[in-house]
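A quick write-up on the structure given underneath.
The values are calculated or read from the model by the stated rules, or taken from the named source; none is laboratory data. Owing to the predicted nature of the structure, the values given are computational and were not obtained by experimental measurement. All Cβ positions, even for glycine, are placed from backbone atoms using ideal geometry, and neighbour counts span all protein chains on display.
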Amino acid sequence: MEPHWHARKLLTIIAEAALERALVAEVRHAGALGYTIAEVRGAGQAGERAGDWEGERSIEFRVVCDEATAGVIADRVMGRYARDYSLVLYLSDVQVRRAERFT
C-alpha cells in the first residue's frame, strides 16, 4: 500500500524567549492544533544570542498547519511584536501523515 502524505506548511519563528506565552496565545487564537518550542542559540544581523542570561534567551517556535492559518499567525506576530522584539519567521512546505492532527 502506498503511503498517503498530506501537504501542510511549517511556520518557524525564532524569537526572544520573553515572547513564548504570547506566541502560544497567537497560535491558539489562529486555531492551530499544536506547536513545538525549543531553546536555541545563534548569531545574525542583530548580533549573538548565547543564552547566558534570561534576557538573551531565544526560542524556536514551530507550527505545522495549513497555509491560511500560518498566514494569520505570521501577520499577527509581525504586527504586534516585530517593532519591539527580535524575530525571524520562515515558511516551509512539509508533508505529514495523519492530516487530521494539523489544521
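Taking the range 70-95 as the region of interest, how many residues are in contact (Cβ under 8 Å) with a residue 60 or more places away in the chain and either closer than 13 Å to THR12 by Cα or surrounded by fewer than 16 Cβ atoms within 10 Å (Cβ to Cβ) (or both)? Even if it seems obvious, please write down each step before you answer.
Here is the first cut: in the range 70-95, the residues in contact (Cβ under 8 Å) with a residue 60 or more places away in the chain are 70, 73-74, 77, 81, 85-95.
Filter again for either closer than 13 Å to THR12 by Cα or surrounded by fewer than 16 Cβ atoms within 10 Å (Cβ to Cβ) (or both), leaving 70, 73-74, 77, 85, 87-95.
Count: 14.
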Answer with yes or no whether ALA43 is under 13 Å from the mean Cα position of the chain (by Cα) and either at pLDDT below 95 or part of a loop (DSSP other than H, G, I, E, B) (or both). no
